[in-house]
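S.K.: One structure is given below, represented as C-alpha cells, and several questions about it will come after.
The values are calculated or read from the model by the stated rules, or taken from the named source; none is laboratory data. Predicted model only: the values in this text are computed from it and were never measured. Neighbour counts run over all protein chains shown; Cβ positions are idealised from the backbone, glycine included. Note: accessible area is taken over every heavy atom of the protein model, side chains too, but ligands, DNA and RNA are not part of it. Shrake-Rupley method; radii C 1.70, N 1.55, O 1.52, S 1.80 Å.
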Amino acid sequence: MSEKKLGIIGGGQLGSMLSAAAKNLKINTIVYCDDKDAPAQYFCDEFIFGNYDDKIKILDFTKKVDVITFEFENIPFETLNEMNKAKPVLPKPSVNRLIQHRIAEKDFVNKLNIRTTRYVSIDKKSDIDKLEDFLPGILKTTTMGYDGKGQYPINKIGDLNDLKIDFSKGYILEKLVKLKKEISVIVTRYGNNNYEIYEPIENIHKDQILKNSKIPAQISEKILEQSKLLATRISEELKYIGTLCVEFFVDRNDNLYVNEIAPRVHNSGHLTIDAYNVSQFENHIRAVCSLKKISLRKISNAVMVNLIGNEIEPYRQNIKLQDNQFFYDYKKKEIKEKRKMGHITTLT
Ligand code: ADP
Ligand code: MG
C-alpha cells in the first residue's frame, strides 16, 4: 500500500474526481480550497479551507503532503512557486503561469507554428476603434475566465459603447471563427515521449458552457491525426507532467485551430471514467505520483451531458437510469443558474 500523500489545490468537481481516483489507487489526498463549501471535501481524506495567499495555511498544507497538483489554473503563480520550493508541484508552476494568461498562451502556441484564432491585446476602449478586421469577435479578460465568464461578443465597433467593461483589467480581442466543430484532445504525459492519449472528443457548447461531449468525434481522419499530434507536441514542449487538455476549433474549411490549453483534467474528459480502462483522473494521479503507466483501452463509445443549474433536480429524485447510464452528482451546496451541478454519461 502506498503511503504517498497528494495535495490538491481547488475543491470543485475536478478536485472531487481526482480525490476519488486517488482513493482507488490507495493514495491519500488533502484538498486545499478557498471555498468552505467546496464539494471535494466529501471525497478527499482531509480538507483545508484557506485563501490562496494565506502563507501560514499554505505552508501547513505543503508540510503535510509529498506532491502537489491542482484542479484549476487560476491559482496565483506566487503561491504555486512558494509551494514548489518545498514539495514538487506538478505540472510545474511555470506551465500554469503561461497558460493562465490568454495572450501568453496564444503567443506560445503560435511560436510552435500552430494556428490559433487571430487575436490582439486590448488595454483601453479606443484600442478597438481601428480593429474592424478582428470583428465580429469576442472580447475576453486575459486572465481568470472560465465557462464564458468575462467574455463579450463584439459585432461592430459601436457595440462596446453599450457594455460596461472594466478596463483596469487586461483584455484580448479574438476574431470569431466560423465553427464547424469543437473538439478536445486529452493527453497524460509521464515524461519524455512517454504519454497516453485519448481519442478526440467532440464538444457542444451552449452559452459558452460545455453542454455535451461524445466519442467518437465526427471529424475527418486528417483532423483526428493532426489534433492528436498537436496535443502531444504541446505537452512535450511544456515538459508537462500529468493530464492536459487542448481545446480545438475546426472551421468550415476543415482548418484546425488551438482554442485554449487546460493544464489540468477537463470537463470534456468526464466520459473517460466510464468509456476507458483508465480515466483522465487516474492517469493524472499516476503521472504526478510516479506510478506505473497503463496502456489505454477504450471500452465503449460514449456521450456525456452536463447537468447545469436545476437540470440536476429530477436526477436527484431517483430518476430511472438505463444500465448503460452513469449519473454523477457533484454535491454542490447550492444550485445556481449556469453552475455545473453534475453529469450523465451514456455508453453507446
Ligand atoms: P473559457 O475559458 O470560458 O472556456 P473559451 O475561450 O474556451 O473560454 O470560450 C468558450 C467557448 O466560446 C468556446 O468553447 C467557443 O464555443 C466559444 N468561443 C470562444 N472564442 C471563440 C472564437 N474566437 N470563435 C468562435 N467561438 C469562440
Ligand atoms: Mg474553453
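S.K.: Taking the chain as a Gaussian network, where each spring joins two C-alpha atoms under 10 Å apart, which residue of N51, N81, N203 fluctuates the most?
M.R.: For the chain, modelled as a Gaussian network with Cα springs under 10 Å, the answer is N51.
S.K.: Could I ask something else about it? Which shape class, rounded, prolate or oblate, goes with the range 1-149 when its Cα gyration tensor gives a ≥ b ≥ c as root eigenvalues, a/c under 1.5 marks rounded, and past that a/b bigger than b/c marks prolate?
M.R.: Verdict is prolate for the range 1-149.
S.K.: Which value, in Å², gives the accessible area per residue of the range 101-197 when a 1.4 Å probe is used on the protein heavy atoms?
M.R.: Accessible area per residue: 53 Å².
S.K.: How large is the convex hull of the Cα atoms of the range 172-252 per residue, expressed in Å³ as a whole number?
M.R.: 114
S.K.: OK, next. Once phi is turned into ³J(HN,Hα) by the Karplus curve 6.51 cos²θ - 1.76 cosθ + 1.60 with θ = phi - 60°, what whole-Hz value does each residue of the range 312-323 show in order, with x for glycine and proline?
M.R.: These are the phi-based 3J(HN,Hα) values: 6, 4, x, 6, 6, 8, 6, 4, 7, 9, 6, 4 Hz.
S.K.: What are the radius of gyration and Dmax of the range 14-79, computed over its Cα atoms and given in Å?
M.R.: Both quantities, over Cα of the range 14-79: 11.4, 32 Å.
S.K.: Apply the Karplus parameterisation 6.51 cos²θ - 1.76 cosθ + 1.60, with θ equal to phi minus 60°, to every residue of the range 277-289 and state each ³J(HN,Hα) to the nearest whole Hz, in sequence, with x for glycine and proline.
M.R.: Values per residue, Gly and Pro as x: 5, 10, 7, 4, 6, 4, 4, 5, 4, 4, 5, 6, 9 Hz.
S.K.: Using a Förster distance of 51 Å, how high is the FRET efficiency between N192 and I319, based on the Cβ-Cβ distance and rounded to 0.05?
M.R.: It comes to 0.60.
S.K.: Continuing with this model, one more query. In a GNM of the chain with a 10 Å cut-off on Cα contacts, which of K211, K298, K320 has the highest mean-square fluctuation?
M.R.: Judging by the Gaussian network model, the answer is K320.
S.K.: If you don't mind, there's one more thing I want to ask. Can you pull the percent of the range 39-160's accessible area that's carbon plus sulfur, 1.4 Å probe, other chains left in place?
M.R.: That share works out to 53 percent.
S.K.: List the residues whose amide H sits under 5 Å from the amide H of Y276, counting only those 5 or more places along or on another chain, with H placed 1.01 Å from N in the peptide plane.
M.R.: I299
S.K.: Spelling out what I want: for every residue of the range 251-262, take phi, set θ = phi - 60°, compute 6.51 cos²θ - 1.76 cosθ + 1.60 (Karplus), and round to whole Hz; glycine and proline get x.
M.R.: 3J(HN,Hα) across the range 251-262, in whole Hz: 8, 5, 9, 6, 8, 9, 10, 7, 7, 8, 10, 10.
S.K.: Shifting gears a bit: What is the helix-to-structure angle for 55-64, meaning the angle in degrees between its Cα long axis and the longest Cα principal axis of the chain, kept from 0 to 90 and rounded to the nearest 10?
M.R.: Helix 55-64 and the main axis of the chain meet at about 50 degrees.
S.K.: Could I ask something else about it? With runs of 4+ DSSP H residues as the only contributors, calculate the mean residue ellipticity of the chain at 222 nm using -39,500 (n - 2.57) per run, divided by the residue total and rounded to the nearest 500.
M.R.: Taken over the chain, the calculation gives -7000 deg cm²/dmol.
S.K.: Amide H of Y171: which non-local residues (sequence gap of 5 or more, or other chain) have their own amide H closer than 5 Å, using H built in the peptide plane?
M.R.: Answer set, sorted by chain and number: I122, T142.
S.K.: Compute the long axis of helix 221-237 from its Cα atoms, compare it with the longest principal axis of the Cα atoms of the chain, and write down the angle in degrees, 0 to 90, nearest 10.
M.R.: 70
S.K.: Tell me, what is the percent relative contact order of the chain, built from C-alpha pairs under 8 Å that lie six or more residues apart?
M.R.: Computed value for the chain: 14 percent relative contact order.
S.K.: Give me the angle, in degrees from 0 to 90, between the Cα long axis of helix 77-86 and the longest principal axis of the Cα atoms of the chain, rounded to the nearest 10.
M.R.: 30
S.K.: When all C-alpha to C-alpha distances in the range 195-298 are sorted into bins of 10 Å, what percent of pairs does each bin hold, rounded to whole numbers?
M.R.: Each 10 Å bin holds this share of Cα pairs: 13, 49, 33, 5, 0.
S.K.: Would you compute, for the Cα atoms of the range 3-47, the largest minus smallest coordinate along each principal axis and list the three values in descending order, in whole Å?
M.R.: 27, 14, 13
S.K.: While we're here: Mind listing P(r) for the chain? All alpha-carbon pairs, 10 Å bins, whole percents.
M.R.: Calculated over all Cα pairs of the chain, the distribution is 5, 24, 34, 26, 9, 1, 0 percent.
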